[in-house]
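Just so it is clear, none of the values below were taken in a lab; they were calculated from the coordinates. This structure is a prediction, so every number in the text was calculated from the model and none was measured. Note: ideal-geometry Cβ built from the backbone for every residue, glycine included; neighbour counts use all protein chains shown.
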């Protein structure tokens, strides 16, 4: 069980965070005084630190600065009830992984923590194929070898990447993921390598890149095949020299990062087409790991479906079961969208179920725009489904709409209806 350190001078907040961390499956320890923490606590025992900003003897930003000076790079989440841009910028400069303004929902915090401290809750390995994959993943996790995870869209490449990080010596350090396909070339460069103040229009402050944020941990370069050719050369230098050059910077920044990349394309073929640098290909294809599609591991289908139902049960406070007929249907379906398609199918079918029993007659393929949920608990479930799809696609509405089986226009209207923050 991973340990989380909570520092806040408000007893109510300490209690709430402690209860939440316990529910999330972590081992929480609370303190009210950061000075006491610096004097008496071995911070290397913690996988994550959550600290308030405004505290009597030392504020959270000073505390963050002090532990960084000591060479402690444990991920830190800063929370505050007095949010301002200056503090947020300073926190990120000091290496905080995020800055959250009170009041915030514990689900928001859970979502953030799950990205930083990946667990096994998404791993299902009932099939011989996936058991073998996880055995290999656990072995290569012990090394710092660069891994290229390949497979069709939706097979769970990121889940396996997080699994490798979890069982690596870097497990208590950050896991930072970035989708190379979801960000434009100009923004991707700044996101990966950071930028200095004034480096370009809108760069009002220095920003640490994903490589720096992942220092001593693992960085996941998701869909690396979509990275612009120009950026591939800069990435190659980062891998070779183990240092990054911020956009507009004057000196290189040393880094110590384990790299895992994913792709759903044949990179060797992309090299032949001139879309991907051959030298970079050999740098990241040190240990290739192919994740088989769901149709090749049918023993995982029903257990995965039951996992997704459990998640939905927790959200809707309602129990779900799957009929034998439905189980046979799930096993025999080809699932071209793999695990992601199965997950969305199960969610949609469950939402349409009146008594909590998933029957074949309630096939979620009828869950299109005209049958989108309207009221009550199902409306809440609809909101959760939309939010989940947007989070998975990092705000990409086209991809989110595809996952949900609706048009981009309908999704846009739903985002407006529910008051989601525009991305």
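Over the range 167-315, what is the relative contact order in whole percent, taking alpha-carbon pairs under 8 Å and six or more residues apart?
22 percent
Just how far, in whole angstrom, is the range 158-187 from the range 344-358 if you go by their alpha carbon centroids?
32 Å
Please compute the contact order of the chain in relative form: average sequence separation of alpha-carbon pairs under 8 Å and at least six residues apart, divided by the residue count, as a percent.
Relative contact order of the chain: 12 percent.
Using the count of nearby Cβ atoms within 10 Å as a rough guide to exposure, how do 165, 354, 195 rank from fewest to most?
Listed from fewest to most nearby Cβ atoms, that is 354, 195, 165.
How big is the range 3-114 in terms of Cα radius of gyration and Dmax, in angstroms?
Every Cα atom of the range 3-114 included, Rg and Dmax give 12.6, 33 Å.
If you build a Gaussian network model of the chain, linking Cα atoms that sit under 10 Å apart, which residue out of 264, 396, 344 swings the most?
Greatest mean-square fluctuation among the candidates belongs to 396.
In deg cm²/dmol, rounded to 500, what helix-only [θ] at 222 nm does the chain give when every DSSP H run of at least 4 residues adds -39500 (n - 2.57) and the total is split over its residues?
-13500 deg cm²/dmol
If the range 128-292 were replaced by its equivalent ellipsoid, with semi-axes equal to the square roots of 5 times the Cα gyration tensor eigenvalues, what would those be, largest first, whole Å?
27, 18, 13
Counting alpha carbon pairs within less than 8 Å and at least 6 residues apart, what relative contact order, in whole percent, applies to the range 3-114?
The value is 23 percent.
Taking the chain as a Gaussian network, Cα atoms linked when under 10 Å apart, which of 313, 153, 225 shows the biggest mean-square fluctuation?
Maximum among the listed residues: 313.
Consider all pairwise Cα distances in the range 86-188 and report the whole-number % of them above 18 Å.
Tail of the P(r) past 18 Å holds 60 percent of the pairs.
Using a 10 angstrom cutoff on alpha carbons, build the Gaussian network for the chain and name the most mobile of 216, 409, 348.
The residue that fluctuates most here is 409.
Of the DSSP beta bridges with both residues in the chain, give the percent that are antiparallel, rounding to the nearest 5.
Once the DSSP bridges in the chain are tallied, antiparallel ones form about 10 percent.
Calculate the radius of gyration of the Cα atoms of the chain to one decimal place, then report Dmax, the largest Cα-Cα distance, as a whole number, both in Å.
22.3, 64
By count of other Cβ within 10 Å, fewest leading, how are 193, 281 ordered?
Lowest count first: 281, 193.
Which percent, nearest 5, of DSSP beta bridges in the range 3-114 are antiparallel?
Around 0 percent antiparallel, to the nearest 5.
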